[in-house]
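Here is the structure we will look at.
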Amino acid sequence: MPSLQSNDFELFDLPVQFAQDSAMLDAHWKELQREAHPDKFVAQGAAAQRLAMQWSVRINEAYQRLKNPLKRAMYLCEIHGAPIEAENNTAMPADFLMQQMQWREALDDADAIEDIDEIAAQATSSKREQLLKIEQLLDVTKDFPAAARQVRGLMFIERFAAEVDARIDALGQ
C-alpha cells in the first residue's frame, strides 16, 4: 500500500490526469477499502485499528476528490503549482461575467418552470464546455495556470446551477 502522504492518484494507482475511467476509480476504491477496513485488524490491536481507520478516512477523502470533476481539476491544479485561490482571485473575462449577469437576470425574471428549465439547460451546456476546456488544458497542453482560471469559472457556473436547482425546487412545492 502507498504511504498516507501519497497523492490521490498514486494512492489509487491511476494516471495523474483529469480524464479518468470512473469504473476503474470505483473498483480501486472498493479494493482499497477492503484492504484497509478496520475490522480486518481487530486481532492486531487498537493501534493497528487506528491506523486502518486513518487509511480508511484518507481513501474516502481521495475518492471524493477524484470522483468529482471540479474537485479533481482543483486538485490537479494544486499539485502542479497552480492553486485555485478562488477566495483571493475572482477576476473573470468580461464575456464570462456578462453571461453570468444575463443568466441571473433571466433567473430573476423567470416565472414559469419551463423558463427556469431552459436556464438550467444553458448552465449544464456551459458546464460541459468548461469541463472540456479544463480537460484540454490539464491533460493535453499542461497549462495549469490557464486551467485554474477555467476551474474558477466552473465554480461560478456550479454555484449558479445550484441556485437554479433551488429555484426549481421552490417552484415545485
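For this structure, a couple of remarks:
- Sole exception among (1) under 28 Å from Leu131 (Cα atoms); (2) touching a helix residue (DSSP H, G or I) at 6+ places or on another chain (Cβ under 6 Å) for Pro38, by number: (1)
- Selection from the stretch 94-126 of residues that are over 19 Å from Asp169 (Cβ atoms) and without any contact (Cβ under 8 Å) to a residue 60 or more places away in the chain: Ala94, Asp95, Leu97, Met98, Gln99, Met101, Gln102, Glu105, Ser125, Ser126
- Search result, residues across the stretch 13-27 that are closer than 24 Å to Lys142 by Cβ, without any contact (Cβ under 8 Å) to a residue 40 or more places away in the chain and either out of contact with any Phe, Trp or Tyr (no Cβ under 9 Å at 6 or more places or on another chain) or surrounded by 14 or more Cβ atoms within 10 Å (Cβ to Cβ) (or both): Asp13, Asp21
- Looking across the stretch 41-78 at every residue that is loosely packed, with under 14 Cβ neighbours inside 10 Å and of a type in the set (D, E, K, R), the one that is farthest from Arg128 (Cα to Cα) is identified as Arg50.
- Taking the listed residues Ala121, Ala162, Ala146, the one that is closer than 22 Å to Asn68 by Cβ, outside any loop (DSSP other than H, G, I, E, B) and in contact with a helix residue (DSSP H, G or I) (Cβ under 6 Å, 6 or more places away or on another chain) is Ala146, with no other qualifying.
Only the coordinates and a few stated rules stand behind these numbers; no lab work does. Note that the structure is a prediction, hence the values are computed from the model and not measured. Glycine also receives a Cβ, built like all others from the backbone with ideal geometry; neighbour counts cover every protein chain displayed.
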